[in-house]
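Q: Have a look at this one.
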Amino acid sequence: MKIALQDVSKGRNGQALPSMSLEFHTGSVRFALAETEQRPTVLGLIASGRMRPDSGRVSIDGTADPKALRRRVALVDAPDVSDPHPDITLAGVVGEELMFAGVAATPLHARRWLTQLGFGELASVPIGNIDPAARVRILCELAVLRSGVEGVVLVSPDRHGGSPDGWWRIAGEFADRGYAMLVIVGGSAAVALERMHEFEAINASGPVEPLVLDEAVEEQSAPDTTDDDDDEVKDDPAGSLPGPISTDESPTDEEPAIDEEPTDEEPAIDEVPPDEDPNNHEEDGDER
């Protein structure tokens, strides 16, 4: 199975979702970048056949068939659409999903299912308090219980916190099991995934523009160096720098103050070696 989005957008001038192209297929995991509060959900709805784009084309195996796309691709944890209420217990969420999957869905069956998955002790915990990686594991396992599901669109797992390596490894495991996996993330998570080279994460939506961490570091370091240099000049006492610099940079209105200094101290000023002067400035700067 191969799902392709070609130049899809939503809203006037692409406000809800700017023009985007991507694809994901059976046995692979891809991530797509979508910023702002609503765009991840909009992209997830379009990629799973649950929303019609205002422009562009969505196809499954080369055919535009929204009904087949909805049947074969599950939309998982999309905010305000398919995410469970945070106050519902994990057993309650599991029971509801088991019912949608057409299997026994009593509270007892829900607890047994969680126990088999290794999360039995979390049955009475509200899902809003579940570890992000465990949440992704449980919701994805519930999604693939539905008949005919061959792919999963997981929306914004990074919004729950935690390190991306947890939920990305889980998505990779589902891909190894033969599912087509698309994970929609924000800029920070996309940067983290691209920097974790051991994951070999592939961006289905193209280059990640928010890769600005290195530039930000350079911008921060450059002003710091400039400020330090300025502080050394500003904090330097009048007349402590070598003669030509102090004479050229000192304003004329400070000359009377220099004339008022005792004449017996002038030799001490002249005797300060130029090579010791920067150290004196650094010590002054540190004390301040």
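Q: Which pairs turn up if I take residues in region 8-34 that are without any contact (Cβ under 8 Å) to a residue 24 or more places away in the chain and look for partners that are of a type in the set (S, T, N, Q) with beta carbon separation below 7 Å, at least 6 apart in sequence or on another chain?
A: That search, which allows pairs on different chains as well, returns P18/S9.
Q: Using the structure shown, decide if V42 is over 24 Å from G187 (Cα atoms) and either open to solvent by 60 Å² or more (accessible area, probe 1.4 Å) or at pLDDT 95 or above (or both). Lay out the reasoning, then the answer.
A: On the way: over 24 Å from G187 (Cα atoms): no; either open to solvent by 60 Å² or more (accessible area, probe 1.4 Å) or at pLDDT 95 or above (or both): yes.
The answer is no for V42.
Q: Is it true that some residue in region 45-53 is of a type in the set (S, T, Y), open to solvent by less than 40 Å² (accessible area, probe 1.4 Å) and assigned to a helix (DSSP H, G or I)?
A: No, region 45-53 has no match at all.
Q: Further, regarding this structure: Among the residues of region 6-26, which ones are among the polar types (S, T, N, Q), open to solvent by less than 80 Å² (accessible area, probe 1.4 Å) and assigned to a loop (DSSP other than H, G, I, E, B)?
A: T26 - this is the single residue of region 6-26 that is among the polar types (S, T, N, Q), open to solvent by less than 80 Å² (accessible area, probe 1.4 Å) and assigned to a loop (DSSP other than H, G, I, E, B).
Q: Take T89 and decide whether it is in contact with a strand residue (DSSP E or B) (Cβ under 8 Å, 6 or more places away or on another chain), polar (S, T, N, Q) and farther than 20 Å from L154 by Cβ. First the steps, then the outcome.
A: Values: in contact with a strand residue (DSSP E or B) (Cβ under 8 Å, 6 or more places away or on another chain): yes; polar (S, T, N, Q): yes; farther than 20 Å from L154 by Cβ: yes.
Spelling it out, T89 is indeed in contact with a strand residue (DSSP E or B) (Cβ under 8 Å, 6 or more places away or on another chain), polar (S, T, N, Q) and farther than 20 Å from L154 by Cβ.
Q: Quick one: D61 ticks every box in (1) in contact with a helix residue (DSSP H, G or I) (Cβ under 8 Å, 6 or more places away or on another chain); (2) open to solvent by 70 Å² or more (accessible area, probe 1.4 Å) bar one, so which box is it?
A: That leaves (1) as the condition not met.
Q: Could you please let me know if I3 is among the β-branched types (V, I, T), surrounded by 21 or more Cβ atoms within 10 Å (Cβ to Cβ) and out of contact with any His (no Cβ under 8 Å at 6 or more places or on another chain)? Outline the logic, then answer.
A: Working: among the β-branched types (V, I, T): yes; surrounded by 21 or more Cβ atoms within 10 Å (Cβ to Cβ): yes; out of contact with any His (no Cβ under 8 Å at 6 or more places or on another chain): no.
No, not satisfied.
Q: Criterion first (surrounded by 14 or more Cβ atoms within 10 Å (Cβ to Cβ) and either of a type in the set (K, R) or within 22 Å of the chain's Cα centre (by Cα) (or both)) does T36 satisfy it? If you could, list the steps in order and put the result at the bottom.
A: Numbers: surrounded by 14 or more Cβ atoms within 10 Å (Cβ to Cβ): no; either of a type in the set (K, R) or within 22 Å of the chain's Cα centre (by Cα) (or both): yes.
Answer is no for this residue.
Q: Right, here's the next one. Just one of the numbered conditions (1) open to solvent by less than 40 Å² (accessible area, probe 1.4 Å); (2) touching a strand residue (DSSP E or B) at 6+ places or on another chain (Cβ under 9 Å) is not true of G120; which one?
A: (2)
Q: Any idea which of (1) open to solvent by less than 40 Å² (accessible area, probe 1.4 Å); (2) free of Cβ contacts under 8 Å to residues at least 24 places away in the same chain is the one L114 doesn't satisfy?
A: Among (1) open to solvent by less than 40 Å² (accessible area, probe 1.4 Å); (2) free of Cβ contacts under 8 Å to residues at least 24 places away in the same chain, the lone unmet condition for L114 is (2).
Q: Can you name the residue in region 100-111 that is buried (at least 16 other Cβ atoms within 10 Å of the Cβ) and more than 34 Å from the chain's Cα centre (by Cα) and is also modelled with the highest pLDDT among such residues?
A: Residue satisfying both the conditions and the ranking: H109.
Q: Then there's this: Answer yes if at least one residue in region 76-84 is surrounded by 17 or more Cβ atoms within 10 Å (Cβ to Cβ), at positive phi and under 30 Å from the mean Cα position of the chain (by Cα), and no otherwise. Let's see the steps before the verdict.
A: Filtering region 76-84 down to residues surrounded by 17 or more Cβ atoms within 10 Å (Cβ to Cβ) leaves 76-78, 82-84.
When the remaining residues are screened for being at positive phi, the result is 77.
Within this subset, residues satisfying the condition of being under 30 Å from the mean Cα position of the chain (by Cα) are 77.
Yes, because at least one residue in region 76-84 is surrounded by 17 or more Cβ atoms within 10 Å (Cβ to Cβ), at positive phi and under 30 Å from the mean Cα position of the chain (by Cα).
Q: Of these, G186, G92, which one is in contact (Cβ under 8 Å) with a residue 12 or more places away in the chain and either closer than 30 Å to N203 by Cβ or open to solvent by less than 10 Å² (accessible area, probe 1.4 Å) (or both)?
A: Details: G92 fails: either closer than 30 Å to N203 by Cβ or open to solvent by less than 10 Å² (accessible area, probe 1.4 Å) (or both).
One residue alone meets the criteria, G186.
The values are calculated or read from the model by the stated rules, or taken from the named source; none is laboratory data. If you're wondering where the values come from, they're calculated on a predicted model, not measured in any experiment. Cβ: placed from backbone, ideal geometry, glycine included. Neighbour counts: every protein chain shown. Quick note on the areas: whole protein, heavy atoms, side chains included, nothing else; ligands and nucleic acids left out. Shrake-Rupley method; radii C 1.70, N 1.55, O 1.52, S 1.80 Å.
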